[in-house]
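Okay, structure first, notes after.
The values are calculated or read from the model by the stated rules, or taken from the named source; none is laboratory data. Fair warning: this is a prediction, and the values are worked out from it, not measured in the lab. Cβ atoms come from the backbone with ideal geometry, glycine included; neighbour counts cover every protein chain shown.
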Amino acid sequence: MRFHFTASDRPIAKTRCEQLINHYGQHKISDCDVIVALGGDGHMLKTLKASVDDGKPVYGMNCGTVGFLMNTYHEDDLLDRMKTAEQTVIHPLSMIAKTLDGKTHHAHGINEVSISRETSQAIKIRIDIDEVTRMPEMVGDGLIIATPAGSTAYNLSAHGPIIPLGSEVLALTPVSAFRPRRWRGAILPQSAKVSLTMLEPDFRSASAAADGTEVRDITSVEIQMDHSISYTILSDPGQGLAERAMQEQFSSE
């Protein structure tokens, strides 16, 4: 089996990457069977996006902090782990953001698209779902639209719901909502088109981020699941994303 190894900037990830290359060799992405990403979830997301044109599955090994998308690190049994690995196919969110200068920006988010205030001023957002205004004004620190794969990340930290993989829904979760004060968000079908309009964008500056790609000074954002793009994640048996999401729902940490 041919591997392509890639590492985050963490020293431990780079060291382990060198060890694995010495052990298994290094192949170009175009020639490999599996891409092995060493680092944390951020590096895993970066690797998935960078390899989408090649269509190669990605197997992550945790050299970071949380590593929800990653497997535990072992050097010697990688070939055996590949033989029994479980596959999970996921799709990203498409983000189209317009800014105060009239420009349009495109990005994809595997975990989520998040809207955040840039200054001390809370932001005001009008929320339209499939061209129907569902909330004329939400006031708060931000808003998250999370995929099932990303529901245990930023979304969970903001007290959003954990979404089982395969449920074909998205989480719409407010961040420190001031108005409506008791609004806790919504569950949307994956077919939904979410349109967010910033109210008073000159005074209440906001940014939009698709995973790690940030666009500042936005005026509006459109978010929708993009089924034309697929990513394949490999996990150790019994540790696929669906099982990990289930474990998170019963976690005592």
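Only residues that are closer than 18 Å to residue 123 by Cβ and outside any strand (DSSP E or B): list them for the stretch 161-183, please. Break it down into steps so the answer makes sense when it comes.
The first filter runs over the stretch 161-183 and keeps only residues closer than 18 Å to residue 123 by Cβ, leaving 172-181, 183.
Of everything in the stretch 161-183, those that are closer than 18 Å to residue 123 by Cβ and outside any strand (DSSP E or B) turn out to be 176, 177, 178, 180, 181, 183.
Is it the case that some residue within the stretch 24-40 is without any contact (Cβ under 8 Å) to a residue 12 or more places away in the chain, outside the structural domain of residue 112 (by TED's automatic domain parsing), farther than 20 Å from residue 149 by Cβ and not basic (Lys, Arg)?
Our first condition is that a residue be without any contact (Cβ under 8 Å) to a residue 12 or more places away in the chain; within the stretch 24-40, this holds for none.
Looking through the stretch 24-40, none of the residues is without any contact (Cβ under 8 Å) to a residue 12 or more places away in the chain, outside the structural domain of residue 112 (by TED's automatic domain parsing), farther than 20 Å from residue 149 by Cβ and not basic (Lys, Arg).
With respect to the numbered conditions (1) among the aliphatic types (A, V, I, L, M); (2) touching a residue at least 40 places away in the same chain (Cβ under 8 Å); (3) buried (at least 21 other Cβ atoms within 10 Å of the Cβ), which one is the sole condition not fulfilled by residue 96?
(3)
Could you tell me whether any residue of the stretch 108-122 is closer than 21 Å to residue 224 by Cβ, among the polar types (S, T, N, Q), in contact with a Phe, Trp or Tyr (Cβ under 9 Å, 6 or more places away or on another chain) and buried (at least 19 other Cβ atoms within 10 Å of the Cβ)?
So the first thing to find is which residues in the stretch 108-122 are closer than 21 Å to residue 224 by Cβ, and the list is 108-116.
Now narrow it down to the ones that are among the polar types (S, T, N, Q): 111, 114, 116.
Keeping just the survivors that are in contact with a Phe, Trp or Tyr (Cβ under 9 Å, 6 or more places away or on another chain) gives 111, 114.
Filter once more, so that each one left must be buried (at least 19 other Cβ atoms within 10 Å of the Cβ): 111, 114.
Yes: the stretch 108-122 contains one or more residues that are closer than 21 Å to residue 224 by Cβ, among the polar types (S, T, N, Q), in contact with a Phe, Trp or Tyr (Cβ under 9 Å, 6 or more places away or on another chain) and buried (at least 19 other Cβ atoms within 10 Å of the Cβ).
Looking at (1) more than 30 Å from residue 251 (Cα to Cα); (2) buried (at least 19 other Cβ atoms within 10 Å of the Cβ), which one does residue 29 not meet, given that it meets all the others?
In the conditions (1) more than 30 Å from residue 251 (Cα to Cα); (2) buried (at least 19 other Cβ atoms within 10 Å of the Cβ), residue 29 misses (2) alone.
When the residues of the stretch 202-241 are filtered to those that are acidic (Asp, Glu) and under 17 Å from residue 144 (Cβ atoms), which remaining residue is surrounded by the fewest Cβ atoms within 10 Å (Cβ to Cβ)? Lay out the reasoning, then the answer.
Kept after step one, since they are acidic (Asp, Glu), are these residues of the stretch 202-241: 202, 211, 214, 217, 222, 226, 236.
After this cut, where a residue has to be under 17 Å from residue 144 (Cβ atoms) as well, the list is 211, 214, 222.
Working: 211: 25, 214: 15, 222: 17.
Result: 214.
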